[in-house]
Amino acid sequence: MFFIIGIFIAIFLSLLLLMKAKKSRADKILFVWLILISLLQTFRYFLESGYFFKHPNWLGVELVLPVLHSVLLYMYVIEITGNTIRKKSTVFLHFIPSIILVALITPFFQLTTEQKILVYQNNGEGFEWFVLIEGLIVVISGLTYSIWSLIIINRHQKNTENIFSNTEKKKLQWLKILSIGNGIIFILALFFETNVTYTAIAFLVLFIGFFGINQLNIFYSNTSVVETLDKEPLIEDKKVKKKEVFRKSISKKKYAKSGLTKNNVLEIYTALKELMDNKSYYKNSELTLVELAKILNVHPNYLSQVINEVEGKNFHNYINGLRIKEFIRLASIKDNKKYTVISLAYDCGFNTKSTFNKNFKLQTGKTPTEFFNS
């Protein structure tokens, strides 16, 4: 029954992702991962219930799938942190262990149905070597990719510290817990029987569903992830100018060893300005640093550096500053007086009244009414 619950939750989450508008590459990878989990749980249930012995043609398929489990998690982490694998040959390398297992188990698939059933009923008799190799590959691969994922997350967090919104911080925390949970599953596989491992996978699915729906916009796309972190208003006074100078000096020290030349910075900033001025990407309420970096085809760390050095702001203040400027421009047009303040704010990229009011006050030091009255 617990396997069945895990299966249906995994399928339900997969359907949510399938219906999600504007699916990112990360969403597609998560979808495939959840489908894989549902297949693993289904095959395990069929094996435990005896269904496979009535339909033995599927026997053996479940042995080559677990090695893909951690690979898909790793690729999901790579996408979320903006380190997209661009070369197909590099992607292929990650699937070599699963290809090796398929090649090794081919003799089993060539057996008759009666012989397959006998192998299973006799604890893998005749294929003990494959059981050992498969177990080693799955556990080593699972632990390696889990640790590797954690290293990438920590490195990304360290390289881009102080530029995250609360939502993005939660997303990184979510990735950490997924990676740790995945590692625990393969540690359990070392010491306990298979059913314990699959029960742990069912718990992982429950966590994905609870945290992904309750805490993040993983399975839907109606929550803005652009929030202001830096409380510094854009008021032209001496204190603000001092803060800008101080921040720029800190930024130069922080990124001194990043490897970007002045020409690189100029090229990235020019492309960024063109994107914002001509295509108004800041009006996308779900725009994130990682997504913008992908559009510009640069690493998120480099884009963050450019914004910090040239604009003297973090990513969120930069985007919100553009939104506020656009709002002021639109609200100053006489023909737009017929529209409400919040409708104009929505057009500029904000998606809640409270978020707009908060950011307007932070950016200008006044409420919209006070600003226009003055």
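The values are calculated or read from the model by the stated rules, or taken from the named source; none is laboratory data. Here the structure is a predicted model, which means the values were calculated and not measured. So basically every Cβ, Gly included, is an ideal-geometry build from the backbone, and we count neighbours across all protein chains shown. When the accessible area is computed, the model is the full protein with side chains, heavy atoms only, and any ligands, DNA or RNA have been set aside. Shrake-Rupley method; radii C 1.70, N 1.55, O 1.52, S 1.80 Å.
Between the stretch 258-293 and the stretch 71-110, what is the separation of their alpha carbon centroids in Å?
The distance from the Cα centre of the stretch 258-293 to that of the stretch 71-110 comes to 32 Å.
For helix 25-49, report the angle its Cα long axis makes with the longest principal axis of the Cα atoms of the chain; keep it between 0 and 90° and round to the nearest 10°.
Value to nearest ten degrees: 30.
Using Cα pairs closer than 8 Å and at least 6 residues apart in sequence, work out the relative contact order for the stretch 1-225, in percent.
28 percent
For the chain, with only Lys/Arg (+1) and Asp/Glu (-1) charged at the beta-carbon, what is the dipole magnitude about the Cα centre, in debye rounded to 20?
2120 debye
Would you mind getting the accessible area per residue of the chain, heavy atoms of the protein chains only, 1.4 Å probe, in Å²?
With the other protein chains kept in place, the chain gives 53 Å² per residue.
Could you compute the FRET efficiency for Ile295 and Glu114, with r as their C-beta to C-beta distance and R0 at 56 Å, rounded to 0.05?
Result of the calculation: an efficiency of 0.45.
What distance in nm separates the simple spin-label points at Ile213 and Phe372, each placed 7 Å from Cα in the Cβ direction?
4.1 nm
Using a Förster distance of 30 Å, how high is the FRET efficiency between Phe95 and Lys170, based on the Cβ-Cβ distance and rounded to 0.05?
According to the calculation, E is roughly 0.45.
Toward the positive end of the charge dipole of the chain, about the Cα centre and with charges on Cβ (Lys, Arg +1; Asp, Glu -1), which of His299, Gly6, Ile133 goes farthest?
His299
Could you pull out which residues in the stretch 100-136 have an amide N less than 20 Å from a spot 7 Å beyond the Cα of Val61, following the Cα-Cβ vector?
What the label zone holds, given the 20 Å backbone N cut-off, is 100-121.
What's the magnitude of the charge dipole for the stretch 254-373 around its Cα centre, counting Lys and Arg as +1 and Asp and Glu as -1 at the beta-carbon? Answer in Debye, nearest 20.
Charge dipole of the stretch 254-373: 320 debye, to the nearest 20.
Hey, any idea what % of the stretch 1-124's accessible area is carbon plus sulfur with a 1.4 Å probe?
Roughly 69 percent of what the probe reaches on the stretch 1-124 is carbon or sulfur.
Going by a ≥ b ≥ c, the root eigenvalues of the Cα gyration tensor, does the stretch 2-146 fall in the rounded group (a/c under 1.5), the prolate group (a/b larger than b/c) or the oblate group?
Because a/c hits 1.5 or more and a/b fails to exceed b/c, the stretch 2-146 counts as oblate.
Say the cut-off is 29 Å between C-alpha atoms; which of Lys171/Lys279; Lys23/Lys170; Lys170/Lys361; Lys23/Lys361; Lys171/Lys366; Lys20/Lys262 go over it?
Violating the 29 Å limit, Cα to Cα: Lys23/Lys361; Lys171/Lys366; Lys20/Lys262.
Express the carbon and sulfur contribution to the solvent-accessible surface of the stretch 254-373 as a percent, rounded to the nearest whole number, probe 1.4 angstrom.
Using a 1.4 Å probe with all protein chains present, the stretch 254-373 comes out at 52 percent carbon and sulfur.
Let me make sure I get this right: for the chain, a, b and c are the square roots of the gyration tensor eigenvalues over alpha carbons, sorted descending. Under 1.5 in a/c it's rounded, otherwise prolate if a/b > b/c, else oblate. Which is it?
Because a/c hits 1.5 or more and a/b exceeds b/c, the chain counts as prolate.
Using a 10 Å Cβ count of at most 13 others and DSSP loop calls, identify the longest part of the chain lacking such trypsin sites (Lys or Arg not before Pro).
After excluding every exposed loop site, the longest remaining stretch is 88-230.
Can you tell me how the stretch 254-373 classifies by the Cα gyration tensor, rounded, prolate or oblate, using a/c under 1.5 as the rounded cut?
Here the stretch 254-373 falls in the prolate category.
What is the magnitude of the charge dipole of the stretch 1-144 about its Cα centre, with +1 placed on the Cβ of each Lys and Arg, -1 on the Cβ of each Asp and Glu, and no other charges, expressed in debye to the nearest 20?
In total the dipole reaches around 860 debye.
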